[in-house]
1. (1) touching a strand residue (DSSP E or B) at 6+ places or on another chain (Cβ under 7 Å); (2) not in a strand (DSSP E or B): which one isn't true of Ile23, the others all being true?
2. For Leu181, indicate whether it is in the same structural domain as Gly68 (by TED's automatic domain parsing), buried (at least 18 other Cβ atoms within 10 Å of the Cβ) and in contact (Cβ under 8 Å) with a residue 60 or more places away in the chain.
3. For the subset of segment 122-143 comprising residues that are assigned to a helix (DSSP H, G or I) and not charged (D, E, K, R), which member is farthest from Lys158 (Cα to Cα)?
4. I'd like the residue in segment 7-56 that is over 15 Å from Ala88 (Cα atoms) and within 13 Å of the chain's Cα centre (by Cα) and, out of all such residues, is surrounded by the fewest Cβ atoms within 10 Å (Cβ to Cβ).
5. Suppose the filter is among the small types (Gly, Ala, Ser) and surrounded by 13 or more Cβ atoms within 10 Å (Cβ to Cβ); does Ala237 pass it?
6. Quick check: is even one residue across segment 211-232 at positive phi and among the small types (Gly, Ala, Ser)?
7. Taking Ser175 and the conditions (1) in contact with a helix residue (DSSP H, G or I) (Cβ under 8 Å, 6 or more places away or on another chain); (2) in contact (Cβ under 8 Å) with a residue 40 or more places away in the chain; (3) among the hydroxyl-bearing types (Ser, Thr, Tyr), which numbered condition does it fall short on, given that it satisfies the others?
8. Name the residues in segment 176-205 that are closer than 16 Å to Gly63 by Cβ and part of a helix (DSSP H, G or I), would you?
Amino acid sequence: MGEGEPGLLLDQDGSTATATVTISHPAKRNAMTLAMWQQLPRLLERLADDPAVRVVVLTGANGTFCAGADISGLREAETSAQQAAVAAEDALAAFPKPTIAAIRGFCVGGGCQLAAACDLRFAARGARFGVTPAKLGIVYPATSTQRLVGLVGPSAAKYLLFSGELIDDERALRSGLVDELLDDEQLDARVTAFARTLADRSQLTQAAAKEFAGMAVEGRTDPARLAHWERQARQSADRAEGVAAFLERRAPRFTWTVSTDR
């Protein structure tokens, strides 16, 4: 990827077991092209299989998270772009390790779609949020709508979807679209520190909780998956290690790791 070309940049920090994926399309406020939508699931698949990665941070280059989809390519490949966007969002939501969106500036349209698919959203003051399909006559995907409703509730989701208006950082925080709001200079340090905290915790707990939370939002249960996690809990040494570490007043050394084969 040449300088200034649109794409997703990857940086891995072994000291925090964190991979940072940066949305970069400088000419268009990091709007996602079809190729970028298609790139994200492949990148996430690699990171899911990498035992050195325990947390993924999604952010945007040059002070903007993502201004949505690159509309200039929609006329030629509207259906393909919409399908690729949904596939990218679903891949992010299904990623088996914790994900954090670190948001500055505009988080709009497809950008908000991606942020909502992350587990947590930390934003710098001054960020703006919007879900804008009503401005384009686009039917927002059902899965994306369900995910948005799960975050902010039906009324706030309808406000965003019906109007396409942007909301400010404080309203996003109140609605539940943002989990933490920080001064710009604090954002990176806070995300790094929290990612380190997550990396130190049990991946077994996190992976099971993530799947259970997803089931709760969808209003379903899956007996086979519940049985799967019961087996994992019985077979894992994490619980014994956690109790021993607590009693010995030391940091636990959890050994259960995510496997996409499970």
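The values are calculated or read from the model by the stated rules, or taken from the named source; none is laboratory data. Note that the structure is a prediction, hence the values are computed from the model and not measured. Backbone-built Cβ (ideal geometry, glycine too); neighbour counts: all protein chains shown.
1. (2)
2. Values: in the same structural domain as Gly68 (by TED's automatic domain parsing): yes; buried (at least 18 other Cβ atoms within 10 Å of the Cβ): yes; in contact (Cβ under 8 Å) with a residue 60 or more places away in the chain: no.
Spelling it out, it is not the case that Leu181 is in the same structural domain as Gly68 (by TED's automatic domain parsing), buried (at least 18 other Cβ atoms within 10 Å of the Cβ) and in contact (Cβ under 8 Å) with a residue 60 or more places away in the chain.
3. Here is the first cut: in segment 122-143, the ones assigned to a helix (DSSP H, G or I) are 133-135, 142-143.
Those still in the list that are not charged (D, E, K, R) too: 133-134, 142-143.
Values: Pro133: 12, Ala134: 11, Ala142: 13, Thr143: 15 Å.
My answer is Thr143.
4. Step one: list which residues in segment 7-56 are over 15 Å from Ala88 (Cα atoms), which gives 9-20, 24-30, 49-55.
The next check asks that each one be within 13 Å of the chain's Cα centre (by Cα); those that pass are 19-20, 55.
Values: Ala19: 24, Thr20: 21, Val55: 27.
Here the residue is Thr20.
5. Values: among the small types (Gly, Ala, Ser): yes; surrounded by 13 or more Cβ atoms within 10 Å (Cβ to Cβ): yes.
Yes, satisfied.
6. Within segment 211-232, one or more residues are at positive phi and among the small types (Gly, Ala, Ser).
7. (2)
8. Within segment 176-205, Asp184, Glu185, Gln186, Leu187, Asp188, Val191 qualify.
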